[in-house]
Every structure is written in C-alpha cells, then in structure tokens.
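So the structure is just underneath, and the comments pick up after that.
The values are calculated or read from the model by the stated rules, or taken from the named source; none is laboratory data. A quick note: this is a predicted structure, and the numbers were derived from the prediction, not measured. Don't worry about glycine lacking a Cβ; one is built from the backbone with ideal geometry, like all the others, and counts go over all protein chains shown.
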Amino acid sequence: MNAHRLLVFLAATLLVAVGAAKPAAGQIIGIEPIGDPLAPLIVVPGQPINMFFPNIADPTHPKKMTFEGTLINDDPLNHDAEFHLWFDWDDAATGGISTSPPFIYTLPAGVPEKLGGATAPMWTIPYCPPRVSIHFEIVGPDGVVAVNGLFTHECIIPEPGSLALAFAACAGLAAFVRPRRR
C-alpha cells in the first residue's frame, strides 16, 4: 500500500512539473514587425492584407500565434471601422489552409486600440506548420486603419531543465521515503 501511494505521489508530482514547464528560451520561431509608428501598415475597406511567413515545421509541439500592437482608425470622415484580424496556417491533415476565428474590433475614429498581454489576439494549434500568416481586413464601407506591432509565432517546447528537475525530485523522494515495517 505504501509503495502504491508513493507511485501515485510521484506520478502527480511529475504531471504538475510537466504542466508547469515554461517554453524554452530561444524557441520563438518568428517575430515579424507589422508596420511601425512612423510608417504604419494601412488597411482600407475592400483591400484585405495577407502576410505569410515561413516556419520550421514540427509536428510534435504546439504553435502559439500572437499579435501585439496598436490599431488606429484614421478615417477622415470620423466613421467607426469594423476591423477583423485572424491567423491561418498550412494544414498538413487537409493539405489546405486552416483559419482561426476572426478577432473583431469596432474602432472609433482617432482612438488608439492597444492590443497586448491579456487583450492580445492569440491562437494556439497542436503542431508547428511550415507556414503561418496574419490577416487584416476592414468589413464595411468605412474606416482607414493604421496598424503597427509584432506578429509572434512560437513553437512551444518545454524546457529540458524543467523535466530533468522533475525527474530528479521524484528520484530523490523515492530514495528518502522508505516504507514503514510493522
């Protein structure tokens, strides 16, 4: 019975350690600048912008795509703009392209919308495809949106040190925990 409890404890400890593993430093596959404050990317109605980026394919680790930056509706007539942003990627299973749902923003004229941290559009897929993309579009007749920021696409690989630490902790615990004999 004590050996069974120890095995359950060790398995739970290992699962917690693996679940808490952080992405490895240096594993960011791409950081793509999108416009900049002095020369932003301009999105106008009826002219969606699609930007594609090559990637290192890895079928065993998830890919996280994020956009952090600023959206500004520079419409000269002060109309609101309905702005859509979405991610897509090459889908090996279908041989086509898969797409995230759109992230939709209603942008009043002249009011910057800052996207970052918890407000940043983010999408994770179960593998790292050979190509990812980000898309910007104004839906409707009004608005001229200036975009600047960073599109980050990261293959999430647990740190080897975190896993090694978890195994060492389990081995150390096993060496010190001895069953009581009656």
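List the number of the failed condition for residue 131; all other conditions in (1) touching a residue at least 12 places away in the same chain (Cβ under 8 Å); (2) out of contact with any strand residue (DSSP E or B) (no Cβ under 8 Å at 6 or more places or on another chain) hold.
With respect to (1) touching a residue at least 12 places away in the same chain (Cβ under 8 Å); (2) out of contact with any strand residue (DSSP E or B) (no Cβ under 8 Å at 6 or more places or on another chain), residue 131 is out only on (2).
Restricting to region 48-95, name every residue that is out of contact with any strand residue (DSSP E or B) (no Cβ under 8 Å at 6 or more places or on another chain) and not hydrophobic (A, V, I, L, M, F, W, C).
Within region 48-95, 60, 76, 94, 95 meet the criteria.
Would you call residue 138 at pLDDT 95 or above and in contact with a strand residue (DSSP E or B) (Cβ under 8 Å, 6 or more places away or on another chain)?
When the stated conditions are applied, residue 138 passes them.
Just checking, how many residues over region 110-141 are over 20 Å from the mean Cα position of the chain (by Cα), surrounded by fewer than 18 Cβ atoms within 10 Å (Cβ to Cβ) and among the aliphatic types (A, V, I, L, M)?
Counting residues in region 110-141 that are over 20 Å from the mean Cα position of the chain (by Cα), surrounded by fewer than 18 Cβ atoms within 10 Å (Cβ to Cβ) and among the aliphatic types (A, V, I, L, M) gives 2.
Could you say which residue among 57, 11, 93 is modelled with pLDDT under 80 and not basic (Lys, Arg)?
Checking each option against the conditions leaves just 11.
Could you list, in sequence order, all residues of region 70-80 that are surrounded by fewer than 22 Cβ atoms within 10 Å (Cβ to Cβ) and within 19 Å of residue 51 (Cβ to Cβ)?
The answer is 70, 72.
Could you identify the single residue in 103, 87, 67, 83 that is farther than 16 Å from residue 48 by Cα and buried (at least 16 other Cβ atoms within 10 Å of the Cβ)?
67 is the lone residue from the list that is farther than 16 Å from residue 48 by Cα and buried (at least 16 other Cβ atoms within 10 Å of the Cβ).
Need the failing condition index for residue 104 against (1) out of contact with any helix residue (DSSP H, G or I) (no Cβ under 8 Å at 6 or more places or on another chain); (2) hydrophobic (A, V, I, L, M, F, W, C); (3) at pLDDT below 95, just the number.
All conditions pass for residue 104, except number (3).
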